[in-house]
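Throughout, read-outs are computed from the coordinates displayed, never taken from laboratory work. Worth saying up front: this structure is predicted, and the values here are computed from it rather than measured. Glycine gets a Cβ as well: all are built from the backbone with ideal geometry, and neighbour counts include every protein chain shown.
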Amino acid sequence: MNALIAMLYREAKIRTTNLTFIFWDLFYPLCYMLVFGVGVNAALGSPFALAGVDYNAFFLGGVLAMASFGIAANTSWSFFLDRDNGIFFEMLTYPLSRTAYLLGKVLFNVVIALLQAGITIALGRLLFGIHMRWDLVPLAFVGMAIGTAGWFFFYSIFALKTRRNDIFNSVTSVFYFVFLFASSMFYPLDPLPRWLRAAASVNPISWQIDWFRYTSIGMGSAHRAALEGLAFLFFVLAAFAYAVHCLRQQE
């Protein structure tokens, strides 16, 4: 069994000991769709009615990005669990590259994220009648896999740099608020103040959301989605490189 498979097996064993946590990861995005999607659509009507897109369809891309973001944050917290039980520094002595350590730690959670995306897309179609671009949907799954890994690498930097759990939780809470609300997740950007549009345009989660909107319902342009997808890929690679660097400094 090579190092990467061994790490994948370990993470799977740890995660499957708490099936409630996995159930939460799989289905909590649907709660957001019910609360925000159905609620906003019913209360205010669709801001995209002329374009033939209701708020449920618009919000689907945001829900997928939110799930990717949340699963990654939960996964990065496991570094503190490994430190508390003493296994973290022991694992650094194993014949295991730092790259394999990070990739193996996130692989099982990428599988969870892909299952979650499949459930959300399927129930979005069945429950809310969202019209999918089935020819593009496979690209949404690609974005979910890369996005979950990327956000995990990003959060791992802070988990590895931080020694106190409470500080890490404070940092992730601030990031959760800033990244999600200074983005196009809940509302279109055009009517917003210029400063908020500028902040959202350089927010990596906005790039991921636009990718999901194009690859799920065909909203937006292929050119813009490709450019933002490429920018997000560079973000993922940079986060991965620096996370590996931070992990090497733990020795």
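Listed values, structure above:
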read-out: Helix 137-161 axis, angle to the chain major axis (alpha carbon atoms, nearest 10°); value: 50 degrees
read-out: Mean Cβ neighbour count within 10 Å, used as a protection proxy, ranking 162-170, 110-118, 197-205 highest first; value: 110-118, 197-205, 162-170
read-out: Surrounding net charge for Asn169, when Lys and Arg each add one and Asp and Glu each subtract one, Cβ distance under 15 Å; value: +2
read-out: Net charge over other residues, Cβ less than 12 angstrom from the Cβ of Arg15 (K, R count +1; D, E count -1); value: +1
read-out: Rh (Kirkwood; distinct C-alpha pairs) - segment 3-248, Å; value: 18.6 Å
read-out: Size of electric dipole in the chain: Cβ of Lys, Arg +1 and of Asp, Glu -1, about Cα centre, debye, nearest 20; value: 240 debye
read-out: Residue exposure sequence - Ser68, Ser76 - by fewest surrounding Cβ within 10 Å; value: Ser76, Ser68
read-out: Mean ellipticity per residue at 222 nm, deg cm²/dmol - from DSSP H runs of n ≥ 4 across the chain, formula -39500 (n - 2.57); value: -25000 deg cm²/dmol
read-out: Equivalent ellipsoid dimensions for segment 112-251 as semi-axes, Å, which come from the Cα gyration tensor, largest first; value: 28, 18, 15
read-out: In nm, spacing of pseudo-spin labels at His131 and Ser170 (7 Å Cα→C-beta vector); value: 5.0 nm
read-out: Arg197 paired with Trp77, simple spin-label distance in nm, labels 7 Å along Cα-to-beta-carbon; value: 3.7 nm
read-out: Amide N proximity, segment 215-246 versus Lys161 label position 7 Å along Cα-to-Cβ, cut-off under 17 Å; value: 235-246
read-out: Theoretical gain in end-to-end length, Thr17 to Val35 [0.36 nm per residue, Cα-Cα removed]; value: 3.5 nm
read-out: Residue order, fewest to most surrounding Cβ atoms within 10 angstrom, among His131, His223; value: His223, His131
read-out: Mean Cα-pair separation over length for the chain, i.e. relative contact order, pairs under 8 Å, 6 or more apart, %; value: 26 percent
read-out: Gained length - Asp190 relative to Arg10, 0.36 nm times residue gap less alpha-carbon distance; value: 60.2 nm
